[in-house]
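Nothing in this text is a laboratory measurement; each read-out follows from the coordinates by a stated rule. Owing to the predicted nature of the structure, the values given are computational and were not obtained by experimental measurement. Counting neighbours? That spans all protein chains shown, and the Cβs are built from the backbone with ideal geometry, glycine included.
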Amino acid sequence: DVTSKKADNETTTTTKEKGTVLGFAHFRYEPDDEDHPAHPVSYLYELQIRRTVQNLGLGKKLMTIIELLSIKLHMKKCMLTVFRSNEAAMGFYVRRKYVVDEFSPSNFEGGEECDYEILSKSFG
């Protein structure tokens, strides 16, 4: 059972089984840059999957929903932040064709010291 709750440009998609939340995704539609916006993007703030149901395709399903909604709403890409130390999450997003975004701190002087990357997947 997958449900979505919307408020302004924010959406939370939740997956439940027998009343138990198994996972959720929290994302927003916003400009790609606050100071010099060029394109509308979807930004994934959180993807959480209950540990007991990880590696069963639920995260992939939620990401597919976000990506399809983003394409339908003419977003140029989907962006997200992930800790470099979270190898499982990095691997998950790389398998889904996410790459280090041009706005990621590692692309700027001193950014290699940051403990996170901004990843993105472009649509067309």
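A few comments on the model shown:
- Between helix 58-72 and the chain there is an angle of about 60 degrees, using the helix long axis and the longest principal axis of the Cα atoms.
- ³J(HN,Hα), Karplus 6.51/-1.76/1.60, whole Hz, each residue of the range 23-31, x for Gly, Pro: x, 7, 10, 10, 9, 9, 9, 7, x
- Here the 3J(HN,Hα) profile of the range 77-89, calculated from phi with Karplus coefficients 6.51, -1.76 and 1.60 at θ = phi - 60°, is 6, 10, 10, 7, 10, 9, 5, 4, 6, 8, 4, 5, 5 Hz, Gly and Pro shown as x.
- For GluC sites (Glu not before Pro), the sites in the range 55-108 that DSSP calls loop and that have at most 12 other Cβ atoms within 10 Å are GLU102.
- Loop-exposed trypsin sites (Lys or Arg not before Pro) per DSSP, neighbour cap 13 Cβ within 10 angstrom, longest uninterrupted part of the chain: 19-83
- Phi-based couplings in Hz for the range 101-117 (Karplus 6.51, -1.76, 1.60; Gly and Pro marked x): 7, 4, 8, 5, x, 5, 8, 10, 4, x, x, 5, 7, 5, 9, 9, 10
- The candidate values are [x] 1.16; [y] 1.45; [z] 1.08; the one derived from this structure for Cα Rg over 2.2 N^0.38 Å carries the label [z].
- For LYS18, the aspartates and glutamates whose Cα falls under 13 Å of its own Cα, not counting residues fewer than eight places away in the same chain, are ASP1.
- Using a cutoff of 8 angstrom between alpha carbon atoms and counting only pairs six or more residues apart, the relative contact order for the chain works out to 18 percent.
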